[in-house]
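All remarks here apply to the structure that follows.
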Amino acid sequence: MGFAVEKIRADFPILQRQVHNKPLIYFDNAATSQKPKAVIDALVHYYSFQNANIHRGVHALSQEATDAYEQARDQLQHFFNARHRQEIIFTAGTTHSINIVAHGYRSILKPGDEIIVGQAEHHSNIVPWQMACDLTGAVLKVLPIDNNGQLKLQALNELLGVKTKLIVVNHVSNALGTINPIEEIIEKAHSIGAKVLVDGAQASSHIKVDLQKLNVDYYTTSAHKMCGPTGVGMLYGKKALLEALPPYQGGGEMIKEVYFEGTTYAGLPHKFEAGTPNIAGGIGFGAAILYLNSIGLEEIAAYEHDLLVYATDELKQIQGLKIYGDVVEKTAVVSFNIEGIHPYDVGTLLDQMGIAVRTGQHCAQPVMDFYGIPGTVRASLAFYNTKEEIDILVKGVQRAVNMLL
Ligand SMILES: *Cc1c(COP(=O)(O)O)cnc(C)c1O
């Protein structure tokens with residue numbers, strides 16, 4: 001049976017709309033994904049019929065809202081195959097998740113300790129570590145990429161040492177789409193006693209992730225890149241590590257007992273969930289997981305790979321077009337430039353044709369500096385995109401080239 005893309009497209013109200021009087025072609029999925037009706041309905045249902053604060057009321061609404069929110073945690077646990085449900089921390093998104101861990105490491109790191117960071121990281125997996133290093137005297141070392149945007153694993157052997165406390169790296173680069181060999185990185189890190197944080201924001205709706213099999217120490221993602229709402233995400237951490245990590249924010253929900261002489265903290269996951277959480281967002285996240293499961297991550301990955309191969313082959317026909325990170329192991333992201341044309345100009349013309357792509361640095365300035373370019377045009381695909389849309393993109397890029405050169 002083929003992939004029922006037309007049926008899937010009907011689940012996404014926004015795909016019916018027009019932009020500049022043209023049917024919307026949405027190729028900016030790496031920035032945020034679109035939302036199926038099931039997710040929108042879950043948000044509306046919560047606010048219409050269940051709205052109450054959670055974990056604290058004896059009344060029926062509060063119980064219902066708590067159950068719905070905590071059920072979403074179970075769904076995340078199963079989706080990512082975490083061992084314990086307490087290992088799933090609800091956050092505001094990947095940026096928040098990484099900051100929770102980096103903040104905790106401020107009291108773990110000693111002067112001279114080392115953190116290894118990939119060269120192709122999103123700024124949110126660079127800056128929190130720079131801040132932690134600045135405060136502790138720890139040192140940030142960079143694991144370089146090669147011309148194809150792939151991490152140089154031989155260099156990791158030289159960088160890893162007794163001082164290495166942590167490696168922080170993305171599962172998939174948002175700028176290039178390259179999939180990193182995180183299994184190998186995790187194994188190498190563990191062999192010398194270092195931990196690994198993987199930024200999974202760009203992987204979780206495209207690749208089946210099994211946290212126990214990966215044996216990763218910390219893993220982060222954002223719901224809005226997985227068909228879920230904005231403002232909610234996940235931090236996964238191994239139970240023992242999260243128990244040892246100091247809390248990030250103090251407040252309600254995260255305490256056991258509060259005295260002016262001192263306070264004791266709640267157990268996991270509440271220790272890291274101070275304050276009233278994004279309840280609707282958490283419930284919507286659960287609905288997004290259900291939706292992705294109803295299609296199947298393996299099916300999504302296979303279909304998106306077909307789209308990637310097609311888009312890559314077709315775009316390469318355009319004279320002067322260069323793809324960055326043109327490798328086999330990648331998700332459906334095509335990051336490119338055309339010789340002599342600024343990416344912004346291509347993006348602006350494509351927008352006039354109803355095609356949404358991202359242009360610029362993609363929150364990954366070191367990657368652009370590495371290639372010596374101001375940015376790229378990035379077409380990032382999802383399972384609700386089609387080959388017909390790719391044809392229109394390729395024609396659109398060719399038209400842009402004709403106009404600009
Ligand atoms: C989007 C993204 C982030 C940041 O996620 P937010 O939802 O903005 O917090 C971090 N890393 C990667 C690889 C991303 O794609």
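Where a number appears in this text, it was derived from the coordinates with a stated rule and is not lab data. It should be emphasised that the depicted structure is a prediction, and the values quoted were computed from it without experimental measurement. Counting neighbours? That spans all protein chains shown, and the Cβs are built from the backbone with ideal geometry, glycine included.
General observations
- Among F12, F79, F260, the residue with the largest mean-square fluctuation in a Gaussian network model of the chain, with springs joining Cα atoms closer than 10 Å, is F260.
- Largest mean-square fluctuation among R358, R106, R17, in a Gaussian network model of the chain whose springs join Cα atoms under 10 Å apart, belongs to R17.
- Among V216, V101, V58, the largest mean-square fluctuation in a Gaussian network model of the chain, built with springs joining Cα atoms closer than 10 Å, belongs to V58.
- Rounded to the nearest 20, the Cβ-based charge dipole of the chain about its Cα centre (Lys and Arg +1, Asp and Glu -1) stands at 300 debye.
- Helices of the chain meeting both criteria, an alpha-carbon length of 15 angstrom or more along the long axis and an average Kyte-Doolittle score not below 0.0, with helices taken as full DSSP H segments, are 94-105, 279-295, 387-404.
- Cα-based shape type of the chain, given that a ≥ b ≥ c are square roots of the gyration tensor eigenvalues and the cut on a/c is 1.5: oblate
- Relative contact order for the range 40-293, counting Cα pairs under 8 Å that sit 6 or more residues apart, in percent: 24
- Positive-end ranking of N402, L43, Y310 along the dipole of the chain, with charges on Cβ about the Cα centre, is headed by L43.
- With semi-axes defined as the square roots of five times the eigenvalues of the C-alpha gyration tensor, the equivalent ellipsoid of the range 92-170 measures 21, 17, 8 Å, largest first.
- Across the cross-link table entries K7/K387; K225/K387; K322/K387; K7/K330; K141/K208, which are compared at the Cα atoms, the separations over 23 Å belong to K7/K330; K141/K208.
- Net length gained if the chain between D351 and A10 were fully extended (0.36 nm per residue, minus Cα distance): 120.5 nm
- Annotation: lysines with alpha-carbon distance below 25 angstrom to K271 (same-chain offsets under eight excluded): K110, K165, K195, K238, K239, K256.
- Placing R0 at 51 angstrom, the Cβ-Cβ distance between A240 and K316 gives a FRET efficiency of 0.60 after rounding to 0.05.
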